[in-house]
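Accompanying notes for the structure given below.
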Amino acid sequence: MRPLLLLAALTATSFSQTQSDFYLREEIPLPEGEIMEISSIALMPDEQVAVATRRGDIWVCSGAYGEDLSKVTWKKFAGGLHEPLGMFYKDGSLFLTQRPEFSRIQDTDGNGEADVFETINSGWGISGDYHEYAFGSRPDPNGDVWVTLCLTGSFNPGADWRGWTMRITPDGKMIPTCSGIRSPGGIGQNAEGDMFYTDNQGTWNGSSSLKWLKPGSFQGNPTANKYHKLANLPAPPEVESGSRVLKEHLKYPEYIPPAVVFPHAKVGQSPTGIAVDTSGGKFGPWENQLYVGEQTHSQIQRVCLEKINGIYQGAVFLFLEGFESGLIPVRYDNDKGIIFGGGSNRGWASRGSKKFTFERAKWTGKTPFEILTMSAKPDGFVLNFTEPVEEKSATDLKSYSMEAWTYILQKDYGSPEVDQATPVIKKAVLSPDKKSVRLTIEGLVRGHVHHLNSSGVKSASGQGLWHKDAYYTLNEIPKIEVETAH
């Protein structure tokens, strides 16, 4: 190879970014011969990790944090449970959300096996349908546990409170909190302590999304509205099929639009568990952002949120991939900077080819060149980057492209992308520290997903972005700030 061609090849190689440069994904060995379709993960003292399976077992893993994963050991803690989808450790007990109840289990004699099983609340119904999942959170700042209840078959309200979110108080009381749920895949808090869940594409959900469970809110699916009568609550909105989310939100303020839409097939197809990063940089520079599991594509996505005019919105970015099965629970240890993920592909295919998996991901200490955050402005967006950008590429309008669309709010399954628009990027201004770019855009559309491709942007060292696409859900356009004289 001639010297110039060799130099070009070496340069191209040195500038390539691969996941293993930044994050080490490792499989954690599972108990031999066991079916470990992991549905919940709880962190315990002394670096032990408890996992629950879809088939109703709980196992405790020792060594999941260790450098040598061949030394991992397992102890079966309990069996005979009913598909736990949410589990946490507190004060010597494991608390878990099962399909029919919220429970506490304990090992009182210290032999490593549960011997006390206590029902804390079982105030919702089940019919026996395979799809009546119940996803439970860890305690919120008030100590309440939130439970999102999937519709029967993901379509019908076949048992009491299916299609609703409940709160279970520390004294065991059940409080109906939000309506309009379809088919949740996970639940978790953001850094402010507000609760979110992921809902899957289907009836009344044009595409999958991350939704804010604001107390008293309606989440868009009117199928189970009738259950408000069970607790003398106001009737949720009867939204119009064939409408749009923004139109119905303007008619019914209690209808909270999805905070971030995950465009179908472009950003996964089945979002699941939610974890927040408050580790102060132990997993990279993503402080206060959310990591969201993905079952079908066997991935973890990254979400940055902001609240505009009292409504959450934000951007989703592709992040980690290559997991060996479809991820369901995602649990981040903010003290250690490690993500644990568990998976299953029973009932739904996944890119990961294994029937089940238990994995972890750790940061190598090297930060990828990425869009760190994307925030809305009255006339555009501000992009913050993980490192300084090269001025010419950052200010060249050809480095960017944008398209926008929304979805039909309808009782039919899913929706195509509709009402397409092409916002025009008119100006790109680089900040003095060269770590952010202010994009002035003509033609922003409230209520639309705005897909930004930044394929031309380079870092100061000549590196292209690891992930070039951002998908921002523009529920609210910020108001122009007016300066007042003093």
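The numbers here are math on the coordinates, done by the rules we state, and not lab data. Model, not experiment: these values are computed from the prediction. Using ideal geometry, Cβ is built from the backbone for each residue, glycine included, and neighbour counts are taken over all protein chains shown.
Overview of results
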item	result
Residue count, the range 420-455 (criterion: in contact with a His (Cβ under 7 Å, 6 or more places away or on another chain), assigned to a strand (DSSP E or B) and not hydrophobic (A, V, I, L, M, F, W, C))	0
Residue 254 vs. criteria surrounded by fewer than 19 Cβ atoms within 10 Å (Cβ to Cβ), touching a residue at least 40 places away in the same chain (Cβ under 8 Å), over 23 Å from residue 85 (Cα atoms) and not aliphatic (A, V, I, L, M)	no
Residue match in the range 217-227 (condition: under 19 Å from the mean Cα position of the chain (by Cα) and surrounded by 24 or more Cβ atoms within 10 Å (Cβ to Cβ))	yes
Qualifying residue in the range 332-339 (condition: among the aliphatic types (A, V, I, L, M), touching a residue at least 40 places away in the same chain (Cβ under 8 Å) and touching a Lys or Arg at 6+ places or on another chain (Cβ under 7 Å))	yes
In the range 173-216, residue nearest to the chain's Cα centre (by Cα) [restricted to those that are β-branched (Val, Ile, Thr) and crowded, with 22+ Cβ neighbours inside 10 Å]	198
Matching residues in the range 347-372 - criterion: being touching a Ser or Thr at 6+ places or on another chain (Cβ under 8 Å) and at positive phi	none
Residue list for the range 443-464, filter: under 16 Å from residue 375 (Cα atoms) and not basic (Lys, Arg)	444, 445, 447, 448, 449, 450, 451, 452, 453, 454
Hits in the range 278-298 (condition: within 12 Å of the chain's Cα centre (by Cα) and assigned to a loop (DSSP other than H, G, I, E, B))	289, 295
Strands (runs of 3 or more DSSP E) within the range 53-159 that include 3 or more residues surrounded by fewer than 18 Cβ atoms within 10 Å (Cβ to Cβ)	73-78, 116-121
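The rows are residues; the columns are (1) assigned to a loop (DSSP other than H, G, I, E, B); (2) in contact (Cβ under 8 Å) with a residue 24 or more places away in the chain; (3) buried (at least 22 other Cβ atoms within 10 Å of the Cβ).
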site	(1), (2), (3)
315	no, yes, yes
325	yes, yes, yes
328	no, yes, yes
351	yes, yes, no
369	yes, yes, yes
381	no, yes, yes
394	no, yes, yes
406	no, yes, yes
